[in-house]
Each structure stands twice: as structure tokens, then as C-alpha cells.
Amino acid sequence: MTFPCEKCGACCRHLDRSPLYKPLDAGDGVCRYLRGNLCSIYDSRPLLCRVDDCYDAFFSGQMTREEFYALNQKACRELKKR
């Protein structure tokens, strides 16, 4: 099971909403590695940008993968509205 990303780029266009993403922010809230809707460093992107690996590293002891996906999908829907 992997996170069902729609590759819309919305999460990469709102980095200014969290200080965790500041190193990736091009200064306008958009990820410096975003090209169109895709990540130009996808294969070497930071752990913070990898939903499944992030779950395994930080959240597997706190919630189920399904719950984590649901939270991420909810955030995704909210970002798409902006």
C-alpha cells in the first residue's frame, strides 16, 4: 500500500504554511524543486516529502497507516481549495 498521490503539486505550492519546509521554499511558498506539478528531485527528495517513509519513521507507533493517509488526504483537499 502506498499513499494515493494525485500529483497535483498542491502540497509543494504551500510550503510557507509550515516552518519544517523552509529549506525547500523558493521564497514564495513554492518548493524550489517543483517543475510543473512534479518534483525535479523525486528520487532523492527529503524524508519530509515521502509520505510512506515519513509514516514508517515517525508515526507508525501512533496511528495506523490508513489513519495517516486519511489525515494527509484531508490536508491535500484543503490545500487544493487555496
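The values are calculated or read from the model by the stated rules, or taken from the named source; none is laboratory data. Nothing here was measured: the structure is a model prediction, and the numbers come from that model. Note: ideal-geometry Cβ built from the backbone for every residue, glycine included; neighbour counts use all protein chains shown. Protein only, heavy atoms only, side chains kept; ligands, DNA and RNA dropped before computing areas. Shrake-Rupley method; radii C 1.70, N 1.55, O 1.52, S 1.80 Å.
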Completion exercise
Sole miss for F68 among (1) modelled with pLDDT of 95 or more; (2) loosely packed, with under 13 Cβ neighbours inside 10 Å; (3) within 13 Å of the chain's Cα centre (by Cα) is condition (2)
Fill in the blank from the handout: Counted residues in the range 17-58 being out of contact with any helix residue (DSSP H, G or I) (no Cβ under 8 Å at 6 or more places or on another chain), open to solvent by 60 Å² or more (accessible area, probe 1.4 Å) and of a type in the set (A, V, I, L, M) come to 2
Completion exercise
When (1) open to solvent by 80 Å² or more (accessible area, probe 1.4 Å); (2) touching a helix residue (DSSP H, G or I) at 6+ places or on another chain (Cβ under 7 Å); (3) without any contact (Cβ under 8 Å) to a residue 60 or more places away in the chain; (4) not in a helix (DSSP H, G or I) are applied to M1, the one that fails is (3)
Practice task
May I ask you to list the residues in the range 4-16 that are under 14 Å from L48 (Cα atoms) and open to solvent by less than 30 Å² (accessible area, probe 1.4 Å)?
Solution key: L15
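For (1) touching a Gly at 6+ places or on another chain (Cβ under 7 Å); (2) of a type outside the set (D, E, K, R), each residue gets a yes or a no:
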| residue | (1), (2) |
| --- | --- |
| F3 | no, yes |
| R13 | yes, no |
| K22 | no, no |
| D43 | no, no |
| G61 | no, yes |
| A75 | no, yes |
| E78 | no, no |
| R82 | no, no |
Problem - Which listed residue is touching a residue at least 24 places away in the same chain (Cβ under 8 Å) and either assigned to a helix (DSSP H, G or I) or under 18 Å from E78 (Cα atoms) (or both), from D16, D52, D43, D56 - result: D52
Practice task
Examine the range 59-74 for a residue that is in contact (Cβ under 8 Å) with a residue 12 or more places away in the chain, of a type outside the set (S, T, Y) and within 15 Å of L15 (Cα to Cα), and state whether such a residue exists.
Solution key: yes
